[in-house]
Amino acid sequence: MTEDALEKLKYPIGRYQRTPFHEDEVQANIQTIAKFPALLRSRVEKLSPDDLLKSYRPGGWSIAQIVHHMADSHMHSYMRFKHAVLENHPTIKDYEEADWAQLEDAKTIAIRHSLDLLEALHHRWVIFLESLSERDFYKAYYHSGYKKDYPLHIALGVYAWHGKHHLAHIQNALKK
């Protein structure tokens, strides 16, 4: 497989592109976060066990692992947002998502609990996001793994993109 072909499988909607703060984009990203759990549930809830084991690329996660990853990742993000609002430029702890995907709770094909967790988490996250001022969206955390600052308006864009990114992985896995 060529490097370009692998890149397209890894990033079917392209890589996230940072953009300057814009209120309309922030509001659109909050709506994407709000709608994501229902969209994910509608795509995966009725899949067969065999479908949940399908992967979007060689060596990639199964659909079930993607769902569990979304719960892990979005829990981390929610907490990072709170740290950034309540602390002065915190350094957030990175985690090895590939290792987390190998833990027993992430390898199971029973996705119901992760779907329920995402629904509750996103509900709380949206309430929190809607309470923030424009100034709050400029607050940032330092990501120790990527060695860069993430203002919250950028982090919000990343996570709106993140959901779409993994929904595309799921769609690609189901085409195989």
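Within segment 80-103, does at least one residue satisfy the condition of being modelled with pLDDT under 95, among the basic types (K, R), touching a His at 6+ places or on another chain (Cβ under 9 Å) and within 18 Å of Y141 (Cβ to Cβ)? Looking for residues that are modelled with pLDDT under 95, among the basic types (K, R), touching a His at 6+ places or on another chain (Cβ under 9 Å) and within 18 Å of Y141 (Cβ to Cβ), one finds at least one in segment 80-103, hence yes. Scanning segment 146-174 for residues that are closer than 24 Å to I92 by Cβ and in contact with a strand residue (DSSP E or B) (Cβ under 9 Å, 6 or more places away or on another chain) turns up K148, D149, Y150, P151, L152, I154, A155, V158. Condition check for A5 on (1) in a helix (DSSP H, G or I); (2) surrounded by 12 or more Cβ atoms within 10 Å (Cβ to Cβ): one failure, at (2). Among the residues making up segment 19-62, those that are in contact with a Ser or Thr (Cβ under 8 Å, 6 or more places away or on another chain) and either loosely packed, with under 14 Cβ neighbours inside 10 Å or not small (G, A, S) (or both) are E25, L52, L53, K54, W61.
When segment 10-45 is examined, which residues are found to be assigned to a helix (DSSP H, G or I) and without any contact (Cβ under 8 Å) to a residue 40 or more places away in the chain? Within segment 10-45, D24, Q27, Q31, K35, S42 meet the criteria.
The values are calculated or read from the model by the stated rules, or taken from the named source; none is laboratory data. Quantities reported herein were computed from a predicted structural model and do not represent experimental measurements. All Cβ positions, glycine included, derive from the backbone under ideal geometry; neighbour counts span all protein chains shown.
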